[in-house]
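In what follows, a single structure is set out as structure tokens and then discussed.
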There are 2 protein chains.
Amino acid sequence: MSTRLAALTRRTVLSSRSATCPKTLRPAVQVRWATSATSEPHQQDANGTVKGASTPTKRIEYTSKKYPEIKRDSRFAELSQENVNYFKELLGSESAVLDGVSKDASEDIEPFNSDWMRKFRGHTKLVLKPSSTDEVSKILKYCNENMLAVVPQGGNTGLVGGSVPVFDEIVISMQKMNNIRSFDEVSGIFVADAGVILEVADNYLAERNHIFPLDLGAKGSCHIGGNVATNAGGLRLLRYGSLHGNVLGIEAVLPDGRIMNDLSTLRKNNTGYDLKQLFIGGEGTIGIITAVSIICPRRSPAVNVAYFGLESFDHAQKAFRAAKNQLSEILSAFEMMDGRTQKLLKTVSGKKMPLEGEHPFYCLIETSGSNTDHDSEKLQAFLEHVMEAEIVSDGVLSENQTQSAELWACREGITEILGYWGGVYKYDLSLPIADLYALVDDTRERLTQAGFIGDDDSHPVIDVVGYGHMGDANLHLNIPVRRFEKEVEKTIEPWVYEWVQKKNGSISAEHGLGVTKKPYIGYSRDEGMVGMMKQVKNLYDPNGIMNPYKYI
Amino acid sequence: MSTRLAALTRRTVLSSRSATCPKTLRPAVQVRWATSATSEPHQQDANGTVKGASTPTKRIEYTSKKYPEIKRDSRFAELSQENVNYFKELLGSESAVLDGVSKDASEDIEPFNSDWMRKFRGHTKLVLKPSSTDEVSKILKYCNENMLAVVPQGGNTGLVGGSVPVFDEIVISMQKMNNIRSFDEVSGIFVADAGVILEVADNYLAERNHIFPLDLGAKGSCHIGGNVATNAGGLRLLRYGSLHGNVLGIEAVLPDGRIMNDLSTLRKNNTGYDLKQLFIGGEGTIGIITAVSIICPRRSPAVNVAYFGLESFDHAQKAFRAAKNQLSEILSAFEMMDGRTQKLLKTVSGKKMPLEGEHPFYCLIETSGSNTDHDSEKLQAFLEHVMEAEIVSDGVLSENQTQSAELWACREGITEILGYWGGVYKYDLSLPIADLYALVDDTRERLTQAGFIGDDDSHPVIDVVGYGHMGDANLHLNIPVRRFEKEVEKTIEPWVYEWVQKKNGSISAEHGLGVTKKPYIGYSRDEGMVGMMKQVKNLYDPNGIMNPYKYI
């Protein structure tokens, strides 16, 4: 390796951008699995087969069975024929879909009842698909008056069971509210319905030289309304900041049918409490977001992606510090993947990886700027530094968009392939950056000692891996399994949350609470805070009909 | 002018950074008035003299007299000796300052009763200066139980009368809570007490190669807690975004004494409603912010400032678009000042301005980046473009920090000198950028037709001027006057708010509501929104003791 590093003089680094590529910093190789955008599968078929999975064809277990401690709230009414008639009259038959009525499989309501991870399944009998804010208002007002519980649903790409029913809650799907309302090219302010798919929004903006300030693996399916409702973080947060800063306005409907008209297109508006912020990350528990106004940055003409192998997590930290220092305003992503994720990716996809050999850690860096020459110069200076200082062991730099997408696939493809063997325990945590990876090692040690990890079918656990948004100190601790077993879960939880609590971390960095983390909020929020939150919930949703059994 | 522009070849622009400076793009001249930092005066002396003002020495009129429609809320108790004894015991005599007791002028409570603009004056008899969150908690609990109304006060640099009492509300000054609690150089996360002065925080960060993501004229006096409570916008928002995105955590005390422990130092934390957002811009009406956690960007080693003269507001818009396109990720400020502000600045300060001649409009551009050469190259390409395309008429580029500060003083010095003749009607508005300046012209026309504007003392109004944060579509419409006259005010209000409402603007972009704009919130928010806000106010402050007579 040292010769490899020694060969990295300024000249060879510079020449990496030419047609002939030095061995040590060559262009990205062809990797053949699907790139980025749609890599996080959307549960589309009724029996919930996970793309690429070899085994699971059996039905998904009901959430109510899996979590027997959750009881149906007896205050809620059961759906009556009269209720159904009201909704059919309001929306038309094709937008008020009742279970078992249609013979057309595509209209089946089962996909609305379960999630793409095959972990959650509800018992809903009715899916409503409003086409306007007014329709959403009428639906909620009626449900509130008749004590009918509801679940708002966007692209249903969530990871915590937040967007599917637990019992017979009516699903309100936002898929028909998918109009882009306006875009101002001078200010970059974009206004659209909640049901617009993130990738559709981003493509629309791309044609107009802008980008959506949020990007994530599920972009091909997820809705921008759902992104806002769950305060999605994703891949661009490091550069463009959180939705709390970028969302300028929200139109939402409260459970009693009131419409919150706060769809401001102003960068600054200090006229009273910023109530829309409660809906950002509110997970559909106090109302339904029907439209969003968001400020979008200009699209950078120069985008570079580099992918490195590193000896240790400590080296990854050093690379991050160097990137912040030297790439500064052009750094747009700094992602970390451990060697195990890359090995599993290679195994499942069967494709050639960008780097030869195996490294304990990998990082992906993206730069976005307005001047290709300037950015390349900055990136080359950075590369020279990290290679010469032996911070990174090997690296590859993309030369065009296709190669960039291929490198991104090494990061974005992880989520999908981890489900290959049957299922995944997923933990999405914020931790002080220095402690980020120690949790992965500790978890692996714990499950190994308990005898759960092994190569044959008698062991439920495949491996314990870690990756995530290093730039945001956000770790995705993932445990791919052959099957979900209560004993495994008990070994992980609440131990993992206690670990995070000791480090003053967050048990949910960007995925939210949903069903999964509702019982564990106490590890990240004290009683006083939870008490204040419950006051807000009771204020806006006194009947508790909005997305019950979840959140707080 | 055309010869001037014609002379601007690439070479002359490039040479502007050399020791000899071309006439058309020369280094900033010496301007002798105080630079930036402390230009927005803090009302320090008991009779409220405005720095630089020649005439006003009379006492400030009581707010209660000026706004006779505001009545003291009879639910509130009057301060008793028993109350005073409690506070003296809790805080000690020097931190529970009673009117007329101390002979030391510096301990006088009058500065806490009135604002630096000389527009608001309260009747408080007691100023409390807690030193800890626990003390704040005990104070509020006691006040809440005894129905004593309070006003939280930071640096008292506000512009809408939000931080001084109207009647006899007890002032809770945060000036003794001024400790910096922690700073992490890897993540850039800074945690400090609410009473830390913004400039102190920024200087502390500067020594550690970071900057506070907010900057404003009053930085020498204002507190970071007050900045957060008023959701201050300022000069860096264009680049670093709003406090809603940058503030990661808040510690606050609710009226009932409960402490909201949300002082997170995590970039991402999706565990329940983001309640701290209600305190950002809540203007001290639901609790008192006692500490803030905020993410701070690295300080850019390369900072350039340019100052231009332009023919029209349309030219300023073109310059803004060009700057967004060409300066992109390094653009850190784009400010607009009309020719009248610069003329008044010259008149009052008597100093030489950076550009010869007079221009109808001026813009100030700042770039901040990590590479001096790259930034200069980008800036020069931009300058060539705007000069060759005749978008700007004349310009000057700073060559060092001192010159940058001098150019900034042409923008930051405005606020102070406008008070020279006696007072200023100040409006802080968000508008679609194309309409931004039309309001200034319309207001001038309106006041001219009413006969209020003139050179001699018989006319109350000096002029109508406009400046502001063009990058955020935020206009400061200012009307310097010899004296405040009800008839003038009636001519401006509510007409100005109606004008803004027609354009879907905001009647308060960054200054907040306070006393001044409370009656006008309806021009920017509908009844439903105001209703929802009142629900929040009642939820957290059911007795209404927090900063009454203001906000919503």
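Tabulated data for the structure shown
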| quantity | calculated |
| --- | --- |
| Aspartates and glutamates with Cα under 20 Å of A:Lys534, excluding same-chain neighbours fewer than 8 positions away | A:Asp73, A:Asp256, A:Asp274, A:Glu283, A:Asp526, B:Glu251, B:Asp256, B:Asp262, B:Asp274, B:Asp541 |
| Length released on extending from A:Glu388 to A:Asp314, taking residue separation times 0.36 nm less the Cα-Cα span | 25.0 nm |
| Quotient of Cα Rg and 2.2 N^0.38 Å for segment B:233-384, N being how many residues it contains | 1.39 |
| Cα Rg over Rh - segment A:180-295, Kirkwood | 0.94 |
| Proxy reagent accessibility, fewest Cβ within 10 Å first, across B:Asp73, B:Asp457 | B:Asp457, B:Asp73 |
| For chain A, projected area of the alpha-carbon convex hull averaged over all directions, nm² | 25.0 nm² |
| Difference of contour (0.36 nm per residue) and Cα-Cα distance, A:Asp442 to A:Arg59 | 134.6 nm |
| Per-residue ³J(HN,Hα) for segment A:310-319, Karplus 6.51 cos²θ - 1.76 cosθ + 1.60, θ = phi - 60°, Hz, x for Gly and Pro | 9, 6, 7, 5, 4, 5, 4, 4, 5, 5 |
| Lysine pairs in segment B:303-401 with Cα atoms under 24 Å, if 8 or more residues apart or on separate chains | 5 |
| For B:Arg482, residues with placed amide H under 5 Å, excluding near neighbours | B:Val461, B:Ile462 |
| For B:His459, label point 7 Å along C-beta direction: distances to other copies, nm | 8.8 |
| Net charge contributed by nearby residues that have their C-beta within less than 13 Å of B:Gly272 (K/R +1, D/E -1) | +2 |
| Packing-based exposure ordering (other Cβ within 10 Å, fewest first) of A:Arg239, B:Arg121 | A:Arg239, B:Arg121 |
| Inter-label distance for A:Asn146 and A:Trp495, nm, one decimal - labels placed 7 Å from Cα along Cα-to-Cβ | 4.9 nm |
| Calculated P(r) tail over 19 Å for segment B:303-401, as whole % of Cα pairs | 39 percent |
| Exercise: per-residue mean of other protein chain Cβ atoms within 10 Å, B:427-439 | 2 |
| Exposure proxy order (Cβ contacts within 10 Å, fewest to most) of A:His223, A:His123, B:His469 | A:His123, B:His469, A:His223 |
| Evaluated at q = 0.04, 0.09 Å⁻¹: base-10 log I(q)/I(0), Debye formula over Cα of the protein assembly as shown | -0.21, -1.09 |
| Gained length - B:Asn538 relative to B:Arg75, 0.36 nm times residue gap less alpha-carbon distance | 165.2 nm |
| Average beta-carbon neighbours from other chains, 10 Å sphere, peptide B:529-539 | 5 |
| Beta carbon of chain B nearest to the axis of the rotation taking B to A, residue and angstrom distance | B:Gly245, 1 |
| Highest to lowest packing among B:65-71, A:130-136, A:348-354, scored as the average C-beta count within 10 Å | A:130-136, A:348-354, B:65-71 |
| Cβ crowding within 10 Å averaged over residues, with A:181-187, A:539-545, B:171-177 ranked highest first | B:171-177, A:539-545, A:181-187 |
| Chain B: angle of helix B:527-540 to the longest principal axis, Cα-based, in degrees nearest 10 | 50 degrees |
| Within-10-Å neighbourhood charge of A:Phe484 [Cβ basis; K, R +1; D, E -1] | +3 |
| Number of partner chain Cβ atoms within 10 Å, mean per residue of B:274-283 | 6 |
| At 7 Å out from Cα toward Cβ: A:Ala77 inter-copy label distances (nm, ascending) | 4.9 |
| Segment B:388-486: Rg to Rh, with Rh as the Kirkwood radius over Cα pairs | 1.04 |
| Neighbour net charge for A:Arg181 - beta-carbon separation under 12 angstrom, K R +1, D E -1 | -3 |
| Residues A:Val186 and B:Ala381, FRET efficiency given R0 of 25 Å [Cβ-Cβ distance, rounded to 0.05] | 0.75 |
| Label point 7 Å beyond Cα along the C-beta direction, distances from A:Asp373 to other copies (nm, shortest first) | 1.1 |
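Throughout, read-outs are computed from the coordinates displayed, never taken from laboratory work. Treat the numbers as computed from the prediction; the structure is a model and nothing was measured. Counting neighbours? That spans all protein chains shown, and the Cβs are built from the backbone with ideal geometry, glycine included.
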